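Everything on this sheet refers to the single structure shown next.
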């Protein structure tokens, strides 16, 4: 067997773009100074990648599942478990998880404020969390964790739970919280539990000190829960079981950490890492190098700043985010280039002109010091189309990385 | 319907490689003088091919199944039936076949030598084969054929046999032959038969003249069988049934002959054809031309020498093997170029630097005097990336060859 390499995946969120008149008809990737990415492109193998499939606009969660080697359609658990993992509420196969909001209802359960005023002090979040976490309904245990502002994650633990239920959230104020129905026969127990939970949560929440104080100040009280994005943690094998690898995630955003943890990666925290342009790129580079040298087989590094700039329509900031990531990757190559096989890409296109995800494919480059080069010289959406890997899918990335890294047994003999 | 062509597939085993510093950063295919391959590339259609899939390192057996148009995952029978066919023991659907070793055990069935000294004279092999071939256990018939040195192939014929059983081979000396267990309920009969066979074979083998003589000379006796690589001949339709074609194989190695025969090809022996660089390339060319003119619809020619050179890390020999195959293919084109559609490729990459199979894709060229050309001018791993067929899979080769050759009816009307 050949010497094994550490597989490294660097994702710049939403890095793909379209030509922009304001920068001479170039994309931000073309306009940015990216000496490292360009030398990887020149020495490596390039492709344009449909992360999910041609014409499909990827979500951040499905895109990352695909990049991690999971079928983004068949193996997508829904947003709930991924958010729960991101919030530090780890689910296990069979659990059903939701994204949760604190909301304000009147005595007839009519929704008055879908965010209960939005702002919550840490001690308010703590009191609400304590009131909700640990509720038991029949044989089902409820786990709850408050996250940012009015948001949280909620997990149901028990036998025979399924996520195929209708929404309790009326999605507008002035309407009553809806009775949840099972959308498939096997989800009837879950629907029953959620309906009971809506009432129990209301009972437990309404009398809390937090709400007495908010009422006194004229701030909307948090006396109900709205749940959305139900998802069931399925029996999908995590990365160590599926591929026999020890994998690590270095990311700033909860959803990316959550998705990575859902598939069995270990989260490596980095001081100063955030989901914005102010993230500490130097510290991320240092920690990535440390992690590569620490015995992991696979290291995933996620940079969110490119996507934030896209959503804000901020060309200059997107270019800066790309250039800083280029420098970051350069440090990794300089330090441990001979130990790795690396892929650099995006999870989707977020054109500055659209400010949202679109279906356009993203460039990807695979580099190692042993890889066959192709004729591409620059890392960009337009150059990548001429790469030797042609068009690939997001689900091809993990097999290519791990195949080149030497982790797969020969198939057959 | 257009005039039909004979489909010809030439596989240079393990021909794919990576750039090598010792030959100026070229691959052996780039360094070799290949006027025929280059003119095929210039006049034909080129692609890089993932024989199984991106990132997957093909085995020789699975790779060839894919190239013959069989799903290498769903339709792979395991090594046993392919080896049995290669040894001239033809299996039929429902048979379970194994690779077999003569071994030495003590009176408690503890393995003393896993190869029973390795060397066997033809008359020793014949006596052992006669003792084993034809054994009947319950309603199951055992067929056995000795092959090279201590090796052989063993087939179980009977109703309700399955290959999902654990291994009898302890895989080290000093340990007892293991009791085989069924890994799936339907394989319980097979496990029982194999356990009985281990004892019956021991009884029949231990008193043979061969063993008395070996014992006298102090050579390990062949008094037990070790079985491995169980596989069941499934109901996969052979090529004549699947595609309505009459197919022939010209190959030196038993595994390649066996795999081709398993899918219904007829073996055409060639005087002087071996699995090494000493194979008679001239005779192979002559026989290939004869076979193309003899009424077959499909002719598969396998050259093993490229892979042997790769496993030995011998650059010069790999280049010679490529150049001799180039000459061989040139003779076929000169003689019957107007009667064929030909594809030239490898079954996997075996880099000289690694000396084993790797996942890197292989170049493939399709040529006929009617085919649309693309812009590729040379046959190599790097040039093929720019071919008009882009990236294909091994399973695409048979449909492309037979489609161009004119054997498929219009799909729809």
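Name every residue in the range B:280-296 that is within 22 Å of residue B:317 (Cα to Cα) and surrounded by fewer than 24 Cβ atoms within 10 Å (Cβ to Cβ), in order of residue number. So that I can check it myself, show each step before the final result.
The first filter runs over the range B:280-296 and keeps only residues within 22 Å of residue B:317 (Cα to Cα), leaving B:280-285.
Correct list: B:280, B:281, B:282, B:283, B:285.
Residues are listed down the side, and each one gets a yes or a no for (1) within 14 Å of chain B (Cβ to nearest Cβ); (2) within 22 Å of residue A:70 (Cβ to Cβ):
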residue: A:351; (1), (2): no, no
residue: A:370; (1), (2): yes, no
residue: A:375; (1), (2): yes, no
residue: A:380; (1), (2): no, no
residue: A:388; (1), (2): yes, no
residue: A:393; (1), (2): yes, yes
residue: A:397; (1), (2): yes, yes
residue: A:401; (1), (2): yes, yes
residue: A:405; (1), (2): yes, yes
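Please note which helices (runs of 4 or more DSSP H) are completely contained in the range B:29-109 and include at least 1 residues that are out of contact with any helix residue (DSSP H, G or I) (no Cβ under 9 Å at 6 or more places or on another chain), at pLDDT 95 or above and away from chain A (no Cβ under 14 Å). Steps first, answer last, please.
Values: elements: B:35-43, B:60-67, B:79-86.
In the range B:29-109, B:35-43 are the helices (runs of 4 or more DSSP H) which contain 1 or more residues that are out of contact with any helix residue (DSSP H, G or I) (no Cβ under 9 Å at 6 or more places or on another chain), at pLDDT 95 or above and away from chain A (no Cβ under 14 Å).
Among the residues of the range A:240-281, write down those that are within 19 Å of residue A:79 (Cα to Cα) and assigned to a helix (DSSP H, G or I).
A:254, A:255, A:256, A:257, A:258, A:259, A:260, A:261, A:262
Check residue A:217 against each of (1) within 30 Å of residue A:197 (Cα to Cα); (2) touching a strand residue (DSSP E or B) at 6+ places or on another chain (Cβ under 9 Å) and name the one condition it does not meet.
For residue A:217, the exception is condition (2).
Could you go through the range A:277-290 and let me know if any residue there is out of contact with any helix residue (DSSP H, G or I) (no Cβ under 9 Å at 6 or more places or on another chain) and under 17 Å from residue A:28 (Cβ atoms).
Scanning the range A:277-290 turns up no residue that is out of contact with any helix residue (DSSP H, G or I) (no Cβ under 9 Å at 6 or more places or on another chain) and under 17 Å from residue A:28 (Cβ atoms).
Of everything in the range B:118-148 that's modelled with pLDDT under 95 and in contact with a helix residue (DSSP H, G or I) (Cβ under 9 Å, 6 or more places away or on another chain), which residue is surrounded by the fewest Cβ atoms within 10 Å (Cβ to Cβ)?
Per the stated criteria, the residue is B:148.
Being in contact with a helix residue (DSSP H, G or I) (Cβ under 6 Å, 6 or more places away or on another chain) and under 19 Å from residue B:279 (Cα atoms) narrows it down to one residue among B:299, B:336, B:320; which is it?
Unique residue meeting the criteria: B:299.
The values are calculated or read from the model by the stated rules, or taken from the named source; none is laboratory data. On a predicted model such as this, the values are computed, not experimentally measured, just so you know. Methodologically, a virtual Cβ is constructed for each residue, glycine included, from the backbone with ideal geometry; neighbour enumeration extends over all protein chains shown.
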